[in-house]
Amino acid sequence: MTSRKTPQTLGVPNRGRLRSYAVSLLSGIAEIDRDRGLIWDKGHAFRVISAHSRDLPALFLSGVCDYVLTGLDYAIEGGVARQPLARLPACQGRVTALTTGVGIMPRRPTIVSQYPNIASRWAFARGLDAVMRVVSGAAELYPRLGLADIAVDVVATGATRRDNKLLEMDVILHTSCALFGPSPGVDTEPVPDWLSALLQAQMREPQPNGLSGLNV
């Protein structure tokens with residue numbers, strides 16, 4: 001009796017712009033937009049799991065997913081220490097420290113962010129003895145209300161920042177969609193055909209800017 005090899009698993013976002021990009025990128029490889037199932041396993045070579053972008057790094061680190069397609073910001077926040085296999089041109093932005101620019105920054109500022117790990121590392125590098133508050137979104141609101149001194153959040157076009165009269169204090173890192181997987185030459189299995197096709201598709205598109213500020 002021959003043992004059946006477990007198919008490799010790719011984790012992709014289940015909603016938002018990253019989801020739309022994943023659907024487009026996988027077109028012709030895995031038609032993951034045909035139903036609302038969270039696991040697509042109609043192929044023999046691999047399966048696709050859909051989860052929140054913020055949860056995909058944990059699924060990768062736990063070994064549930066061999067590969068994940070998620071935001072570089074989420075990967076760094078989630079503790080993925082290796083370099084991505086590919087930086088993809090979708091959902092580009094920058095994780096930025098934002099302030100109102102009004103008054104003097106206190107010696108122990110309050111920082112709000114959905115990226116507490118990234119924000120804490122940035123504050124430590126700046127020598128700030130900061131109080132960290134975790135929020136799930138709309139971090140720009142808190143400095144405007146006087147509830148925080150700094151908001152650390154993603155800026156894409158800058159429209160939300162301008163509308164809320166905030167200034168960019170520091171660009172912490174540049175982010176975009178990124179593909180993570182086994183390290184070449186370390187995890188020795190050959191690159192699967194479906195991954196080769198995906199990488200060929202992304203190579204035809206303009207590449208995003210590199211990282212700045214934080215090292216992964």
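Of note:
- Residues of the stretch 82-103 satisfying the condition of being outside any loop (DSSP other than H, G, I, E, B) and closer than 12 Å to Leu18 by Cα: none
- Qualifying residue in the stretch 70-81 (condition: part of a loop (DSSP other than H, G, I, E, B) and surrounded by fewer than 18 Cβ atoms within 10 Å (Cβ to Cβ)): yes
- When residues of the stretch 16-59 are limited to those that are of a type outside the set (Val, Ile, Thr) and over 22 Å from Ala86 (Cβ atoms), the one modelled with the highest pLDDT: Leu38
- Within the stretch 84-113, residues that are modelled with pLDDT under 85 sit with their Cβ atoms under 9 Å from residues that are in a strand (DSSP E or B) and crowded, with 23+ Cβ neighbours inside 10 Å, at 6+ positions apart or across chains, in these pairs: Pro89/Cys177.
- Condition check for Ala159: farther than 24 Å from Val68 by Cβ and modelled with pLDDT under 95: yes
- Whichever residue in the stretch 86-105 is crowded, with 19+ Cβ neighbours inside 10 Å and hydrophobic (A, V, I, L, M, F, W, C) and, among such residues, is farthest from Val155 (Cα to Cα): Leu88
- Qualifying residue in the stretch 127-148 (condition: modelled with pLDDT under 95 and either in a strand (DSSP E or B) or in contact with a Gly (Cβ under 9 Å, 6 or more places away or on another chain) (or both)): no
The values are calculated or read from the model by the stated rules, or taken from the named source; none is laboratory data. Computed from a prediction, not measured in an experiment: that's the story for all the values here. Neighbour counts run over all protein chains shown; Cβ positions are idealised from the backbone, glycine included.
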